[in-house]
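The values are calculated or read from the model by the stated rules, or taken from the named source; none is laboratory data. None of the values given here were measured: they were computed from a predicted structure. Cβ: placed from backbone, ideal geometry, glycine included. Neighbour counts: every protein chain shown.
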Amino acid sequence: MSASDILIEVKNLKKYFPIQKGVFKKVVGHVKAVDGVSFSIRQGETLGLVGESGCGKTTVGRMIMGAYRPTGGEIWFQTPDGGPRLNLAEMTPAQMRPIRPHIQMIFQDPFASLNPRMTVREILAEPLIVNKVAKGAALEGRVRELIELVGLKVQYLTRYPHAFSGGQRQRICVARAMALYPRLLVADEPTSALDVSVQAQIVNLALEIQNKMGLAYLFISHDLGLVRHFSQKIVLMYVGKVVEYAPAANLFGKPRHPYTEALMSNVPSVRSDFVSHKIILKGETADPINPPPGCAFHPRCVYAQDVCSREEPLLREIGPDHVVACHFSEALDLNGCDALGCAI
Ligand SMILES: Nc1ncnc2c1ncn2[C@@H]1O[C@H](COP(=O)(O)OP(=O)(O)O)[C@@H](O)[C@H]1O
Ligand SMILES: [Mg+2]
């Protein structure tokens, strides 16, 4: 594959939210929600963005969508017309408008994402009308195509969102996101609010649609086990930063960061003969307003040494396309999925 296959490349992306106090709204500090994140996604590829709640995943997604302006960094996007790549981080809302159809997002809460006063037909037609893509019979035809794409019946088009279950609502959200043939779908914990039995259906639907339409996914999840089977690459975040970024097979085969190993060890085992190697993470995830000195993970790390509380480990390449931010990556022999016997 050549560099031109890269759909989106995020470089050193940052988002600091100011913390304001008093009547004069004096800025007294910053939440470093995202603090130097880099990754790229190829056309048609899935990248899993994983980490505990509050580590900055949604903020990354929102910056890519253009909903938040980055504090720093670049977001290079290849438009489908094959023209030069555009840096979305520097574009104004007006400049972003023609790019928006190419990047769509679905959210965790399918209940909050749909207007309760609109029928499914209106919900699906809206992006087509707003972007002047279709009207009349063509509009109705595309709306029917969309509802069938997500496995729902055409008769449902006249119903309102309240008539549907969580899983069906998420299907409607997916259909709406597909209306304008996007090249990238940012899926932000799309199954977290759903029953376990429905989660797999939504993941399978997403994969079917990806096969049909050849689009790329940025799949955000706190659950490393969930993203394994359909992500070609994984980015693991901790308190606004990337701790490990690798092809999925390498990461699950041999993690190089203690945080990755700990998350992996907490995925339930399928092997009945297996002696659990579950690593209990001590304490709470660090506060992004005031992260610990050195490596932000050190207070919770079972392998931490003195240097870890003094010096921040820089992200460095440790294997082909495998980057990690740990002082002891070479010295540690961490357990991957096989050794841990995890069900993923
Ligand atoms: N609009 C905002 N203003 C201030 N702080 C925010 C805002 N959005 C998110 N944060 C903070 O940024 C951090 C990362 O949040 P978020 O990106 O939602 O994490 P995640 O999606 O991984 O749970 C959290 O500490 C959160 O409280
Ligand atoms: Mg989130």
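What's the total number of residues in segment 72-108 that are touching a helix residue (DSSP H, G or I) at 6+ places or on another chain (Cβ under 9 Å) and either closer than 25 Å to Gly48 by Cα or among the aliphatic types (A, V, I, L, M) (or both)? Total satisfying the criteria: 22. Taking the criterion of being farther than 27 Å from Tyr181 by Cβ and among the basic types (Lys, Arg), the residues of segment 212-269 that qualify are Arg228, Lys241, Lys254, Arg256. Away from ligand 1 (no atom under 16 Å from the Cβ) and more than 29 Å from Val198 (Cα to Cα), is that true of Gly72? Considered against the rule, which asks whether it is away from ligand 1 (no atom under 16 Å from the Cβ) and more than 29 Å from Val198 (Cα to Cα), Gly72 comes out as no. Counting only residues that are of a type in the set (S, T, N, Q), touching a strand residue (DSSP E or B) at 6+ places or on another chain (Cβ under 9 Å), surrounded by fewer than 16 Cβ atoms within 10 Å (Cβ to Cβ) and touching a residue at least 60 places away in the same chain (Cβ under 8 Å), how many does segment 12-65 have? Adding up the residues that qualify gives 1.
Just so you know, in segment 55-81 the residues that are on the phi > 0 side of the Ramachandran plot and in contact with a Gly (Cβ under 9 Å, 6 or more places away or on another chain) include one that is farthest from ligand 2 (Cβ to nearest atom), and it is Gly73.
Return yes or no: is Val34 more than 11 Å from ligand 1 (Cβ to nearest atom), in contact with a Gly (Cβ under 9 Å, 6 or more places away or on another chain) and β-branched (Val, Ile, Thr)? Here the answer is no, as Val34 does not meet what is asked.
Checking each residue in segment 234-265 for being modelled with pLDDT of 95 or more, hydrophobic (A, V, I, L, M, F, W, C) and closer than 16 Å to Phe297 by Cβ picks out Val235, Leu236, Met237, Val239, Val242, Val243.
Candidates are the residues of segment 37-66 that are out of contact with any Lys or Arg (no Cβ under 6 Å at 6 or more places or on another chain), in a strand (DSSP E or B) and among the small types (Gly, Ala, Ser); the one that is nearest to Leu281 (Cα to Cα) is Gly48.
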